[in-house]
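Quick notes on the structure that follows.
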Amino acid sequence: MLGIQEISDRLEIQEMLVAYATAIDGQDFDALDRIFTDDAHIDYTAFGGLAGTRAEMKEFLASSMGQFTACQHLIGNPEIRVDGDRATGRVMCLNALGIPVENGDPRIALLGMWYIDEYTRTPEGWRISRRSQEPSWTQGLGDVSERTRDPR
């Protein structure tokens, strides 16, 4: 049976996961400062991105996400395991991306994946300390991974 503290911890982590999706979809990359720890390691290489620090990911996302006409993350089925001030998670994500095409409606690419996370309780609340992606499937991806590669 789950205790009140673990229920509270899981709910706070789930709210943070929603905040992440909202920040990415709204291109509010400064909001990631309230979602990831200062020393977080983030790995987006599964779909052609890069791996690095929170600051590096904010820069990468700002330069790569602007090319899409829309972005929508739907997260669900969070498997969260709390152990004191640390927790792990595997969170399903369906990511739809609008890809501009000349003289027409955007093409939609769909990515099915899981986020594989580690969380840390901080004085400000739970934060993601480590995140990677585990791909499941893609549809209409085409050259999306090329488009999201580090432009530097």
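Overview of results
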| item | result |
| --- | --- |
| Selection within region 83-97 - crowded, with 19+ Cβ neighbours inside 10 Å and of a type in the set (A, V, I, L, M) | 87, 91, 97 |
| Matching residues, region 45-66, being in contact with a helix residue (DSSP H, G or I) (Cβ under 6 Å, 6 or more places away or on another chain) and over 20 Å from residue 31 (Cα atoms) | 47, 48 |
| Residue selected from region 53-82 under the condition closer than 14 Å to residue 117 by Cβ and touching a residue at least 60 places away in the same chain (Cβ under 8 Å), by the criterion surrounded by the fewest Cβ atoms within 10 Å (Cβ to Cβ) | 78 |
| Residue list for region 45-83, filter: in contact with a strand residue (DSSP E or B) (Cβ under 6 Å, 6 or more places away or on another chain) and of a type in the set (Phe, Trp, Tyr) | 68 |
| Positions within region 117-144 being crowded, with 16+ Cβ neighbours inside 10 Å and under 20 Å from residue 71 (Cα atoms), in sequence order | 131, 132, 133, 138, 141, 144 |
| Single condition residue 49 does not satisfy, out of (1) at pLDDT below 95; (2) assigned to a helix (DSSP H, G or I); (3) not aliphatic (A, V, I, L, M) | (2) |
| Residue check, residue 50 within 24 Å of residue 136 (Cα to Cα), aliphatic (A, V, I, L, M) and touching a residue at least 40 places away in the same chain (Cβ under 8 Å) | yes |
| Residue check for residue 65: within 12 Å of the chain's Cα centre (by Cα) and not basic (Lys, Arg) | no |
| Residues being in contact with a helix residue (DSSP H, G or I) (Cβ under 7 Å, 6 or more places away or on another chain) and either among the basic types (Lys, Arg) or at pLDDT 50 or above (or both) - total across region 135-152 | 2 |
| From 88, 120, residue being assigned to a strand (DSSP E or B) and in contact (Cβ under 8 Å) with a residue 40 or more places away in the chain | 120 |
| Qualifying residue in region 63-74 (condition: on the phi > 0 side of the Ramachandran plot and either among the polar types (S, T, N, Q) or modelled with pLDDT under 95 (or both)) | no |
| Any hit, region 96-112, residues being under 14 Å from residue 20 (Cα atoms) and either assigned to a strand (DSSP E or B) or not charged (D, E, K, R) (or both) | no |
| Residue match in region 120-132 (condition: of a type in the set (A, V, I, L, M, F, W, C) and either over 23 Å from residue 76 (Cα atoms) or touching a Pro at 6+ places or on another chain (Cβ under 8 Å) (or both)) | no |
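The values are calculated or read from the model by the stated rules, or taken from the named source; none is laboratory data. This is a predicted model, so every value here is computed, not measured. Note: ideal-geometry Cβ built from the backbone for every residue, glycine included; neighbour counts use all protein chains shown.
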